[in-house]
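The values are calculated or read from the model by the stated rules, or taken from the named source; none is laboratory data. Here the structure is a predicted model, which is why all the values come from computation and not from measurement. Please note: Cβ atoms are built from the backbone with ideal geometry, for glycine as well, and neighbour counts cover all protein chains shown. Just the protein is used for accessible areas: all its heavy atoms, side chains included, with ligands, DNA and RNA removed. Shrake-Rupley method; radii C 1.70, N 1.55, O 1.52, S 1.80 Å.
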Amino acid sequence: MAIHPPSNGDRDFITVFKTGSVDRDDYPDLAEHLLEGRTQLASETGYLMKFGDVSHRGLTPFDVASLHDVPAYPLPKSALESLPAHVRADLEQNGAVQMFASYDREQHRFEDVALAWEEQDFLERIAELVTGDCSLHEAVDWIVVEEAERYTITQWADIRGVTEDAVRSNVNSAREKLLAEEDRESV
């Protein structure tokens, strides 16, 4: 079995998911079954990662985790710590994330990380809102908290390093501007 994930310097589609350890002595059959898709039965961080094909993007993280033909690798502590704060928060909240990233296997670090849902549609929507009346902060806060429902106001404020009142104000302002735009369009 491979002990290092593949990496060619380009961004890979990576699924990281929470796991537990299995005692070989207590559950030998289960341990053997799990090792078919993993390099180890445990991970120092409690997470495993799978490097998948972009076609796996349509699968949930848990579907990707169940693919036995794609090996799973323990997520090293340095790799977990190299994830941006919003990705770690998403991982902790949901138990899994799907992302595009470059993985440095010598340093065990992720670089150029973007959650799979943050791709073009997200950027197009921000541009649409900014082209309207919203500021960049209003647009991003609105999309993340309200439209995508990725984080609560508290979580997003912590990720951004701002107060909850700042995020709440941006969300409320964006809501007012979007409602006013709807009113203008319906006239």
Accessible surface of THR131 - all protein chains present, 1.4 Å probe, nearest 10 Å²
120 Å²
List the lysines whose alpha-carbon lies under 19 Å from that of LYS50, not counting same-chain residues fewer than 8 positions away?
LYS18, LYS77
Taking amide H atoms as placed 1.01 Å from N in the peptide plane, list the residues 5 or more away in sequence, or in a different chain, whose amide H sits under 5 Å from that of LEU75.
THR45, TYR47, LEU48, MET49
Assigning unit charges at the beta carbon (Lys, Arg +1; Asp, Glu -1) and nothing else, what dipole magnitude in debye, to the nearest 20, does the stretch 44-187 show about its Cα centre?
500 debye
Going toward the positive end of the dipole of the stretch 45-114, with +1 on Lys and Arg Cβ and -1 on Asp and Glu Cβ, which of HIS108, SER82, TYR47 do you reach last?
TYR47
Once the cut-off is 22 Å, how many percent of the Cα-Cα pairs in the stretch 55-145 end up in the long-distance tail?
39 percent
Scale the Cα Rg of the stretch 133-177 by the rule-of-thumb value 2.2 N^0.38 Å and send over the ratio, two decimals.
0.98
